[in-house]
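Notes follow once the structure below has been shown.
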């Protein structure tokens, strides 16, 4: 039986979770104070995902970069490929919060969206 220990990030409590995985892929979670902890632990052990945030260059804007993030979680193992795909990207001003900067990153169905407004110079 495999055992893992995680700190839950689902709510402010930060519970220490003990996860036990048996040979039949059955998962037992203990240490959680709420259902969020159990859901988080199972997801983290079976299909870990993350929101990715970064910046890209802006051409013709009042600021040289704009902050962007994924509009949904992407698989954790695709984070570095995601950042690599955005490394040389430059976008044109103006940009509004929520504008899609990169559609369907890595074929995940997830979009990179602006989190800041950038006006033209």
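The values are calculated or read from the model by the stated rules, or taken from the named source; none is laboratory data. Computed from a predicted model, the values in this text were never measured in an experiment. Note: ideal-geometry Cβ built from the backbone for every residue, glycine included; neighbour counts use all protein chains shown.
Among the criteria (1) modelled with pLDDT of 95 or more; (2) closer than 30 Å to residue 1 by Cβ, the one residue 102 does not fulfil is (2). Quickly run through the stretch 56-72 and pick out the residues that are assigned to a strand (DSSP E or B) and within 13 Å of the chain's Cα centre (by Cα). Correct list: 68, 69, 70. For residue 66, the test of being surrounded by 14 or more Cβ atoms within 10 Å (Cβ to Cβ), in contact (Cβ under 8 Å) with a residue 60 or more places away in the chain and out of contact with any helix residue (DSSP H, G or I) (no Cβ under 9 Å at 6 or more places or on another chain) is failed.
When residue 4 is tested against (1) under 19 Å from residue 117 (Cβ atoms); (2) surrounded by 13 or more Cβ atoms within 10 Å (Cβ to Cβ), only condition (1) is not met.
If you filter the stretch 9-26 down to residues that are touching a helix residue (DSSP H, G or I) at 6+ places or on another chain (Cβ under 6 Å) and modelled with pLDDT under 95, you find that the one that is surrounded by the fewest Cβ atoms within 10 Å (Cβ to Cβ) is 11. Summed over the stretch 73-112, the residues that are within 18 Å of residue 57 (Cβ to Cβ) and part of a strand (DSSP E or B) give a count of 8.
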